[in-house]
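The values are calculated or read from the model by the stated rules, or taken from the named source; none is laboratory data. All figures in this text were calculated on a predicted structure; none of them were measured in a lab. No Cβ is skipped: glycine too gets one built from the backbone with ideal geometry, and neighbour counts run over all protein chains shown. Side chains included, ligands, DNA and RNA excluded: accessible areas come from the protein's heavy atoms. Shrake-Rupley method; radii C 1.70, N 1.55, O 1.52, S 1.80 Å.
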Amino acid sequence: MTRQAVAADHRAAADRARTIDPSAEVAVAARRRSGRLARLGGVALLVCLVAAWEVGVDLAGTPVWIVPAPSDVAMALRDGLGGLAEAAVVTLGEAVAGLVLGTATGLSMAIAITFFRHLEQAVLSVALLAKSTPIIAVAPILTIWLGFGHGPKVVVTALLTFFPMLVNALEGFRSVDPAIEDWFASVDADAVTVFRHARWPSSWPFLFTALKVSAPLAMIGAVVAEWMGASGGLGRSMWLAYTNLRMPDLFAAVVVLTGLSALTYHLVTVAERAALASRRA
């Protein structure tokens with residue numbers, strides 16, 4: 001039976017289910033309303049927090065060089081939008097490059113362990129050592145070795161992001177249903193065939209979970225490395241604002257960084273839904 005025929009059967013079954021049980025559509029509509037209400041509640045909470053921040057700073061008379069009001073941050077965003085946009089492009093490029101490198105490294109390690117089990121202890125020990133080393137201590141060393149260009153930022157970001165992919169990929173490769181493993185064993189399938197048709201498909205949810213963790217971490221890693229020395233990027237903008245006590249500019253850069261982190265997480269979530277939906281089709 002072709003994929004088109006299978007998809008047609010699934011659609012027909014769904015239509016019959018809706019005909020037999022109309023309450024399913026009511027449940028779906030209720031879930032959608034609940035999702036919209038949750039989003040509106042989140043926006044309302046954020047607005048309340050910002051308003052409380054504004055009022056609190058005004059009533060306390062806090063100097064702007066200690067805690068700026070949201071209105072001051074908004075003006076800094078407006079006045080420095082061009083420079084912040086250029087810095088964001090630099091940081092985003094470094095973060096994406098580091099995320100790709102870290103993801104590829106972690107995934108490669110997990111695949112190697114899957115095929116060669118005797119490597120697991122050694123690989124995980126080295127990976128845990130790298131993960132446990134404070135990035136704030138590694139970044140200056142990498143800057144001395146690799147200079148003030150993009151190289152140290154990419155490496156720092158990769159060091160932050162490879163471990164979630166390694167752990168989740170291993171878990172995903174081992175999450176195959178035992179009955180499926182027994183069937184492949186009964187037909188004498190080799191390890192490559194089992195990996196291709198069982199382990200790899202079963203790992204998709206785990207891989208996307210790792211990416212949802214790693215994507216925001218990539219932005220943080222790039223900014224931390226830029227603090228150690230850079231000619232551009234959001235980290236550089238934050239450092240300059242900090243050293244000159246321009247707190248509205250510092251907060252404005254943080255707002256941009258937060259937005260980029262949220263955007264990368266959202267893009268990974270959208271990609272996950274599309275990939276899993278295409279696999280089910």
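Structural remarks
- Members of the stretch 69-102 found to be closer than 26 Å to V156 by Cα and open to solvent by 30 Å² or more (accessible area, probe 1.4 Å), listed by number: G83, A85, E86, V89, V90, L92, G93, V96, A97, L99, V100, L101
- Given (1) buried (at least 16 other Cβ atoms within 10 Å of the Cβ); (2) not in a helix (DSSP H, G or I), number of the condition G106 does not satisfy: (2)
- Hey, G229 over 19 Å from L81 (Cα atoms), open to solvent by less than 20 Å² (accessible area, probe 1.4 Å) and of a type in the set (G, A, S) or not: yes
- Residue check, L240 assigned to a helix (DSSP H, G or I), within 30 Å of P63 (Cβ to Cβ) and out of contact with any helix residue (DSSP H, G or I) (no Cβ under 7 Å at 6 or more places or on another chain): yes
- Some residue of the stretch 49-65 being open to solvent by 80 Å² or more (accessible area, probe 1.4 Å), under 21 Å from T258 (Cβ atoms), among the hydrophobic types (A, V, I, L, M, F, W, C) and not assigned by TED's automatic domain parsing to the domain that holds T157: yes
- Of the candidates A185, A179, A210, A198, the single residue that is in the same structural domain as K153 (by TED's automatic domain parsing) and in contact (Cβ under 8 Å) with a residue 40 or more places away in the chain is A210.
- Of the criteria (1) assigned to a helix (DSSP H, G or I); (2) open to solvent by less than 60 Å² (accessible area, probe 1.4 Å); (3) touching a residue at least 24 places away in the same chain (Cβ under 8 Å), which one L250 fails: (3)
- For beta carbons closer than 9 Å, sequence separation of 6+ or different chains, a first residue in the stretch 123-134 that is assigned by TED's automatic domain parsing to the domain that holds L170 and among the hydrophobic types (A, V, I, L, M, F, W, C) and a second that is part of a helix (DSSP H, G or I) and surrounded by fewer than 16 Cβ atoms within 10 Å (Cβ to Cβ), the qualifying pairs are V123/A112.
- Restricting the stretch 103-135 to residues that are modelled with pLDDT of 95 or more and under 18 Å from the mean Cα position of the chain (by Cα), the residue that is nearest to V254 (Cα to Cα): T103
- Only one entry in V268, V223 is surrounded by fewer than 22 Cβ atoms within 10 Å (Cβ to Cβ) and of a type in the set (V, I, T), namely V268.
- Within the option set T258, T264, being touching a residue at least 24 places away in the same chain (Cβ under 8 Å) and closer than 24 Å to V96 by Cβ holds for one residue only, T264.
- Those residues of the stretch 149-196 which are exposed (fewer than 14 other Cβ atoms within 10 Å of the Cβ), assigned to a helix (DSSP H, G or I) and not basic (K, R), in sequence order: P178, A179, D182, W183, A185, S186, A191, V192, T193
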